[in-house]
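The values are calculated or read from the model by the stated rules, or taken from the named source; none is laboratory data. Because the structure is a prediction, the values reported are computed rather than measured. Positions of Cβ are backbone-derived with ideal geometry, glycine not excepted, and every protein chain shown enters the neighbour counts.
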């Protein structure tokens with residue numbers, strides 16, 4: 001076969017990535033799994049189409065620099081200070097538990113002390129990208145368990161930073177192909193690190209805000225500047241022995257306090273995903289499928305440890321701190337996988353000569369298994385909780401002081417309407433009912449939404465419409481209406497629908513009144529009526545009908561009676 005040009009190779013890889021990525025999307029799998037599969041298929045063990053190693057490695061290294069840059073840009077000092085005790089303790093507790101027992105498992109499998117340590121640390125990292133995507137798709141990013149999960153993911157990111165720095169320091173003088181990692185004295189590298197941190201501090205203090213404000217006038221230039229800063233810091237970090245990863249991270253920290261951090265992060269996210277494709281392709285291409293069989297036993301054991309052990313330790317810590325078992329369970333499921341950082345971390349160890357390629361193959365297999373499995377675990381989290389709820393009582397303290405039930409305070413009160421979902425639509429309904437003198441109780445799993453309702457002078461409870469215990473404790477028997485404005489699950493992966501679940505739970509709890517639910521399509525309306533809804537609200541259709549009535553009424557008045565009335569307009573409701 002004639003040798004292909006690097007451009008042709010990259011073109012083939014992109015076509016493969018698109019095709020396999022589409023299959024992975026249909027299976028509801030993250031792109032990381034698809035991209036590694038592309039590398040395995042394109043590698044020497046299968047099609048053997050990857051030969052332009054230098055070009056792919058260059059794109060891979062730039063992708064890692066951009067990835068670490070985006071991690072750094074999220075590490076705002078104010079955000080770190082705002083972390084609650086639960087995030088810090090849960091995050092550190094999960095990291096310590098996973099690292100310690102992972103190390104012992106590695107020794108039991110005969111991996112050796114250094115390899116066991118690397119694998120154990122790699123197992124502590126969870127994928128922020130995957131977790132945020134899945135929770136956002138389920139509209140649970142603002143739920144209590146979603147906010148707690150985000151908190152200890154930030155703690156994990158801080159551990160990643162420290163691990164990268166320690167690894168770079170340990171790697172000084174180590175054999176291997178670490179580039180800048182392999183030369184220079186310890187004192188020289190430490191001095192360079194201090195100088196780099198000092199440069200970042202000076203940049204943040206004097207240049208970051210005015211420079212980004214100026215560049216933001218041309219958004220494309222702001223993006224180019226951000227990429228340039230990430231590449232420059234990565235090159236400097238590699239040259240002084242700190243490594244490209246630490247350099248890229250520091251570049252992100254340099255812009256973390258600016259007003260344009262979110263804009264930069266949003267615009268660079270697609271570029272990050274594109275460049276990381278080549279990292280995972282390069283990773284998959286280095287793995288020999290014929291040798292992966294030797295890691296099956298270890299991969300199964302480590303995968304089971306991550307899938308079961310990580311959620312359990314989170315559940316235990318949160319239970320000890322006074323959170324309900326349901327909150328701990330849902331938050332714990334989010335850490336039932338390892339991340340792209342795990343692969344990058346072990347790849348650094350390989351480049352430094354600390355561990356062999358076999359360790360990278362083992363961690364890659366664990367990554368494929370845990371990422372694939374945890375995707376379904378998070379998507380079906382409520383079903384899993386219903387399945388395991390009878391045996392989770394040992395993880396819940398009596399009274400749950402950190403997450404007290406607020407329903408008891410309302411048991412003596414009578415509410416004509418209970419609204420689930422306190423977004424714009426639910427809030428508008430609640431305010432108008434209040435103006436008519438109708439007593440209303442609002443319910444939402446977003447603490448901020450509950451807070452906003454209370455600021456409007458409305459009564460509200462924090463809780464989840466799909467939690468049977470919570471729904472049963474609400475003052476349903478005296479209510480005339482239960483209204484759900486909770487949106488439908490948008491992914492299509494899980495058949496969960498909070499509205500249909502709420503209808504079932506309300507009836508089971510003895511609610512004899514009428515139930516209304518919001519819908520956004522005719523098919524959805526039929527499903528809700530079939531599930532037992534007495535009334536289906538269609539916000540867009542209802543608003544359009546009302547708008548047509550107003551327009552036709554105004555036009556009729558203008559033609560027949562008093563033209564000036566139309567000019568004066570209607571008073572706001």
Checklist entry - List, please: which pairs have Cβ atoms under 8 Å, are six or more places apart or on different chains, and start with a residue in the range 528-554 that is assigned by TED's automatic domain parsing to the domain that holds residue 425 and at positive phi and end with one that is part of a helix (DSSP H, G or I) and surrounded by 14 or more Cβ atoms within 10 Å (Cβ to Cβ)? => result 532/503; 532/504; 532/507
Next on the checklist: Of all residues being closer than 20 Å to residue 304 by Cβ and at pLDDT below 85 in the range 320-353, which is surrounded by the most Cβ atoms within 10 Å (Cβ to Cβ)? Just the residue, please.
Outcome noted: 339
Checklist entry - Could you list, in sequence order, the residues of the range 25-40 that are surrounded by fewer than 20 Cβ atoms within 10 Å (Cβ to Cβ) and either without any contact (Cβ under 8 Å) to a residue 60 or more places away in the chain or over 20 Å from the mean Cα position of the chain (by Cα) (or both)? => result 25, 26, 27
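Okay, residues lined up against (1) within 21 Å of the chain's Cα centre (by Cα); (2) closer than 25 Å to residue 97 by Cβ; (3) buried (at least 23 other Cβ atoms within 10 Å of the Cβ); (4) assigned by TED's automatic domain parsing to the domain that holds residue 58:
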{"site": "263", "(1), (2), (3), (4)": "yes, no, no, yes"}
{"site": "269", "(1), (2), (3), (4)": "yes, no, no, yes"}
{"site": "316", "(1), (2), (3), (4)": "no, yes, no, yes"}
{"site": "355", "(1), (2), (3), (4)": "no, yes, yes, yes"}
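Matching residues to (1) at pLDDT below 85; (2) in contact with a strand residue (DSSP E or B) (Cβ under 9 Å, 6 or more places away or on another chain):
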{"residue": "369", "(1), (2)": "no, no"}
{"residue": "373", "(1), (2)": "no, no"}
{"residue": "382", "(1), (2)": "yes, no"}
{"residue": "400", "(1), (2)": "yes, no"}
{"residue": "406", "(1), (2)": "yes, yes"}
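Return yes or no: is residue 513 at pLDDT 85 or above, in the same structural domain as residue 433 (by TED's automatic domain parsing) and surrounded by fewer than 16 Cβ atoms within 10 Å (Cβ to Cβ)?
no
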Checklist entry - In the range 331-395, which helices (runs of 4 or more DSSP H) lie fully inside it and hold 3 or more residues that are touching a helix residue (DSSP H, G or I) at 6+ places or on another chain (Cβ under 6 Å), farther than 30 Å from residue 242 by Cβ and touching a residue at least 60 places away in the same chain (Cβ under 8 Å)? => result 357-379
Item to check | Residues located in the range 100-110, provided they are buried (at least 19 other Cβ atoms within 10 Å of the Cβ) and either closer than 25 Å to residue 327 by Cα or at pLDDT below 90 (or both) | outcome: none
Checklist entry - Only one residue in 229, 242, 222 is part of a loop (DSSP other than H, G, I, E, B), within 26 Å of residue 195 (Cα to Cα) and in contact (Cβ under 8 Å) with a residue 12 or more places away in the chain. Which one? => result 242
